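FYI, it's all coordinate maths here, none of it is from the lab. Predicted model only: the values in this text are computed from it and were never measured. Don't worry about glycine lacking a Cβ; one is built from the backbone with ideal geometry, like all the others, and counts go over all protein chains shown.
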Amino acid sequence: MKKRSRRTLDQDDSLCCCEYIDRHGGRSHMAACCCDCEDLDAFCDRWMKKKPQSPDSLSRVIDTINDRLRVPWISGARQVDISVIPPLILLPVFLHIAALHYLLGILVLTAMPIMVLWYYYFTHRKKGRTLFFLSLALFSLFYMFYLFITEVVPRGDVSHLQLAAVTSGVALTVIFLIITKRGPGYVRPHPNDTHSTVTYHKPPPDVDAAYLNGAQHQVVIANHEQTGESQQGVQTRNWCAVCKVVRPPRAGHCRICGVCILRLDHHCVWINSCVGQANHRNFLLTLVFFLLTSLCGISLVLRSVCPDQNVMTALFYCPDVYNQFSSALCFTCAWYSSIVTGGLLHLLLLQLINVSFNVTEREARLALREKTACSLLWGLIIDTGVYSRGFRTNWIEFLTMSKASEPSNQKPSDLV
């Protein structure tokens, strides 16, 4: 029998900066992170005795480590997702190894995209949330900017105007990313369809945190007599059995976020959020500012480390760049940024084409699966022919669509 020395948190008690509520609902302290490790003890005990592990033993150990990995905060210790840490360590290590020799550079810069794609398909298959890709994207942006300031600017080849342009580009990218992360636009139940609500003080792990109202959230129990399965036609088809709401046209349920999204385009792992009606425009602006900043930074770096070469050819031919480690590191980072930029350029191109044909990524996948869409240019253009009203009208509709169809004064709630 497991011992539980932690006491439950009373409603009137407040947490100090190092205290937190653990996954069992008890009150704990960061100093006790190595105490009461029953899951880890059981795992090690079975391993030492060469006994077979239970199927969920490793997942319980990982959940315990995730629960106790925290940083002090004013209103209680905040949890740090363990998936944030690998990019902070691996990216600088890999780039410094790639800068030692051009063969190592080819090997590392080829292996890194393969590893990231493998991890993407691994997590996508499990439909789990991870901060790995958001951490990699943000750290790549800031680390490239840090190397630009410390390695390229001191060479004297960058003017104050160029430095201001790159700095402004980084700032605008982060600002629009923050705005994009505010929420994609959630499908709310109509007040007439709400039977009752229950308020909880701890958010569930399978629901997007942006959907919740701070530390508390409301579970809405829908009135099945008004919005239940007996309805036919479009309402029956658009009924979400998980969220218990009738989705409006073009809305969809995200199995990763666990909620229904207005005009759902896709779930983007790089921002750890869905792209929907409320943040689609800001998502495109984030991509545009990132790409402009990246292209500007790459050209400035190549002009600095390969002054005798044309910018267009310096990325493929830059003699003697590996004679100095600083130049080799900048050149390697330029290649890494070019790979990232190429992938995001492809994503931006697909997004612009979809907007021009007034089709979302989700609608395109469903139409291809049901064989009701027309595919052109090797799959770049997917025309469903449902919502398209011409190039100009499609863009006007996209630029002027409202952020949400529900009243703005409603509190965020978790639909059950």
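General remarks:
- Amide H contacts under 5 Å for Cys268, placed H, 5+ residues apart: Ser273, Cys274, Val275
- Mean Cβ neighbour count within 10 Å, used as a protection proxy, ranking 375-387, 253-265, 355-367, 75-87 highest first: 253-265, 355-367, 75-87, 375-387
- 18 Å cut-off, amide nitrogen to a point 7 angstrom out along Thr150 Cα→Cβ, residues in the stretch 78-113: 87-100
- Summarising the amide proton neighbourhood of Trp239: residues at separation of 5 or more, or on other chains, whose placed amide H is nearer than 5 Å comprise Arg247.
- Ranked by the mean number of other Cβ atoms within 10 Å of their residues, highest first, the peptides 313-326, 91-104 fall in the order 91-104, 313-326.
- The label-point distance for Leu88 and Thr167, in a model that sets each label 7 Å from Cα toward Cβ, rounds to 2.6 nm.
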